[in-house]
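Below is one structure, written out as structure tokens; the observations come after it.
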Protein chains: 2
Amino acid sequence: MKSASQSRDRGIPEATVARLPLYLRALHGMAERGVATVSSEDLAVAAGVNSAKLRKDLSHLGSYGTRGVGYEVEYLVYQISRELGLTQDWAVAIVGVGNLGRALANYGGFVSRGFRVAALVDADPEVVGDTIAGLNVEHIDELEAVIKRRGVSIVVLATPAAAAQEVCDRVISVGVTSILNFAPVVLSVPDSVDVRKVDLSIELQILAFHEQRKAGGPLMAVDGQ
Amino acid sequence: MKSASQSRDRGIPEATVARLPLYLRALHGMAERGVATVSSEDLAVAAGVNSAKLRKDLSHLGSYGTRGVGYEVEYLVYQISRELGLTQDWAVAIVGVGNLGRALANYGGFVSRGFRVAALVDADPEVVGDTIAGLNVEHIDELEAVIKRRGVSIVVLATPAAAAQEVCDRVISVGVTSILNFAPVVLSVPDSVDVRKVDLSIELQILAFHEQRKAGGPLMAVDGQ
DNA sequence: GCTACTTTGTGCATCGGTTCACAAAGGGAT
DNA sequence: ATCCCTTTGTGAACCGATGCACAAAGTAGC
């Protein structure tokens, strides 16, 4: 048999975790369109993955399908949501209310499922006190207090690169262990803290690399495809 | 021996490509601080990776280091830039000038290295004609014309989810083969087109998953850490 | 109940990527 | 010119993820 207790082997592969939100989104769309039941094949297409991969991913959560039939949409939505921790709501603070921070504060996708923007913080006296997306922008001096008061557990860093590490250290000092970093710096954090990084410029550079291959590559081998 | 010609095996692993921009950023920082030469160990730390991985990554580009010494910063910057295709400049169009599109248009990191926002396009008559980040916002009806006129080769999709696929089809029809998609949909495109996806909500969900493990897991095994 | 059909869940081979650990290659000192 | 020290570049073992292909498990019809 497996390792410890039973089927639900509390070790879901990272690659699987990264795809669960994708499945969830596809399932939400189906639920809205009144679909009651879906096969791994159809769901895989909707999520843009291979059906064998989808089945293996779902099998890590448990055995929630019915052979010969498929998966019940509502039930699967619930199971994935629970696994991802979206059945509770998460208070998110956005630090740095520049163009990007503002966009994030107004971004509907955040609020929609399980997340709630609970605080906006900035250093610029010009914006502190403004109301953005229905929230008062607080001063960076209040950072620790605000995080504790609002029960923030996830912090989004949208500050300039130079300020990111300091803000990062400060939020960690009051117990935050999950950070989404938009600043183009490598944050140094204890192992116990999770950092996910989004760098728009890096994505463009990766595209440029492939684009160059397509455009400039004809004098090279014709591997093409 | 290897496959074809020689050392420079024109097949750089995808994982390596994704890290090159990281090295490049670290190197730029060093160049600014006047560092002339750097060891794989130091560069690895600055980029937040393991030094063996860094060396293997760089070895895919060629043999640009000196044993016993390290890498010459300027030279390595040039080599990586060239490999990524950043020695030419890329005209980027941003479609969808909502909060996010606006943030992207003003985002310094884009322009800084090799990329130039060459066009802004939106469907809302309210914003068409506005000047944002020094650029006139053009109407979506002009999409194909603008792309051809400005020589755009990379398109950033910051439209609502519902509009993304149509815009995507249209830009592909005029030859665009690189797309950075911020809309929360799975785009369907021919194999010859590269799509990279950034979904802010998905990143948060992944964080929530791990956060839940840390916080809610105490009744499970105490792997904690 | 039995047969035919559908679709899941998974064992297994494979592949790409990571990491270790060391030989090869260079610099500098004497 | 020889020796020692540093650091690169890479062979090889390892690890996780992918995808095939099929047995197991269910439904439906008769």
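Determine the residues within the stretch B:19-46 where the difference in accessible area between the chain on its own and the full set of protein chains amounts to at least 10 Å²; count protein heavy atoms only and use a 1.4 Å probe.
B:Pro21, B:Leu22, B:Arg25, B:Ala46
Taking the Cα centre of the stretch B:14-84 as the origin, how large is its charge dipole in debye, to the nearest 20, when only Lys and Arg (+1) and Asp and Glu (-1) carry charge on their Cβ atoms?
Values: 8 positive and 8 negative charges, 28 e Å.
Magnitude of the dipole: close to 140 debye.
Before anything else, pin down the relative contact order of chain A: Cα pairs under 8 Å, at least 6 apart, normalised by residue count, whole percent.
12
What residue in chain B has the Cβ closest to the axis turning B into A, and how close is it in whole Å?
That would be B:Ala103, 2.
Dipole size in debye (nearest 20) for chain B around its Cα centre, Lys and Arg Cβ +1, Asp and Glu Cβ -1?
Value, rounded to 20: 960 debye.
Kindly give the distances from B:Asn50 to its copy-mates, label point to label point, with each label point 7 Å from Cα along Cα→Cβ, as nm values to one decimal ordered shortest first.
2.5
What number, in percent, do you get for the relative contact order of the stretch A:7-107 if the mean sequence gap of Cα pairs under 8 Å and at least 6 apart is divided by its residue count?
Numbers: 74 pairs, mean separation 29.1, N = 101.
Dividing the mean separation by the residue count of the stretch A:7-107 yields 29 percent.
Just tell me which lysines come within less than 20 Å, Cα to Cα, of B:Lys148; anything on the same chain fewer than 8 places away is out.
Within the straight-line limit of under 20 Å, B:Lys148 reaches these lysines: A:Lys214.
Across the residues of B:84-92, average count of Cβ atoms on other protein chains within 10 Å? Walk me through the numbers before you get to the answer.
Values: counts 8, 10, 5, 1, 5, 1, 6, 0, 3.
Mean inter-chain Cβ contacts per residue within 10 Å come to 4.
Between the label point of A:Arg170 and that of the same position in each other copy, find the distances and list them shortest first in nm, with every label point placed 7 Å from Cα along the Cα-to-C-beta direction.
Ordered by distance, the counterparts are at 4.4 nm.
Which listed residue (B:Thr177, B:Gly65, B:Ala123) has the Cα farthest towards the positive end of the charge dipole for the stretch B:44-179, taking +1 on Lys and Arg C-beta and -1 on Asp and Glu C-beta about the Cα centre?
Checked the options; the winner is B:Gly65.
Taking all protein chains as present, what is the carbon and sulfur share of the accessible area of the protein assembly as shown, in % to the nearest whole number, probe 1.4 Å?
51
Based on DSSP, what percent of beta bridges with both residues in the stretch A:78-194 are antiparallel, to the nearest 5? Intermediate values should be presented prior to the final figure.
Details: 2 of 20 bridges.
Percentage antiparallel, nearest 5: 10.
Rounded to the nearest 100 Å², what is the sum over both chains of accessible area buried where B meets A, with a probe of 1.4 Å?
5900
Go through the stretch B:1-106 and name the chymotrypsin sites (Phe, Trp or Tyr not before Pro) that are in a DSSP coil and have 15 or fewer other Cβ atoms within 10 Å of their Cβ. Provide the component values of the computation, followed by the final result.
Values: sites: B:Tyr23, B:Tyr64, B:Tyr71, B:Tyr75, B:Tyr78, B:Trp90; in loops: B:Tyr64.
Within the stretch B:1-106, the qualifying chymotrypsin sites (Phe, Trp or Tyr not before Pro) (loop, at most 15 other Cβ atoms within 10 Å) are B:Tyr64.
Considering only DSSP beta bridges where both residues belong to chain A, give the percentage that are antiparallel (nearest 5).
Working: 6 of 27 bridges.
Just about 20 percent of them are antiparallel.
Provide an ascending nm list, one decimal, of label-point separations from A:Asn136 to the equivalent residue in each further copy; define each label point as 7 Å from Cα along Cα→Cβ.
4.4
Add -39500 (n - 2.57) for each DSSP H run of 4 or more in the protein assembly as shown, then divide by its residues: what number comes out at 222 nm, to the nearest 500 deg cm²/dmol?
Here the helix-only value at 222 nm equals -13500 deg cm²/dmol.
For chain B, what does the accessible surface come to per residue with a 1.4 Å probe? Please give it in Å².
Here the residues of chain B average 48 Å² of exposed surface.
The values are calculated or read from the model by the stated rules, or taken from the named source; none is laboratory data. Bear in mind the structure is a predicted one, so any value in this text is a computation, not a measurement. Neighbour counts are summed over all protein chains in view; Cβ atoms, including those assigned to glycine, are modelled from backbone coordinates with ideal geometry. Side chains included, ligands, DNA and RNA excluded: accessible areas come from the protein's heavy atoms. Shrake-Rupley method; radii C 1.70, N 1.55, O 1.52, S 1.80 Å.
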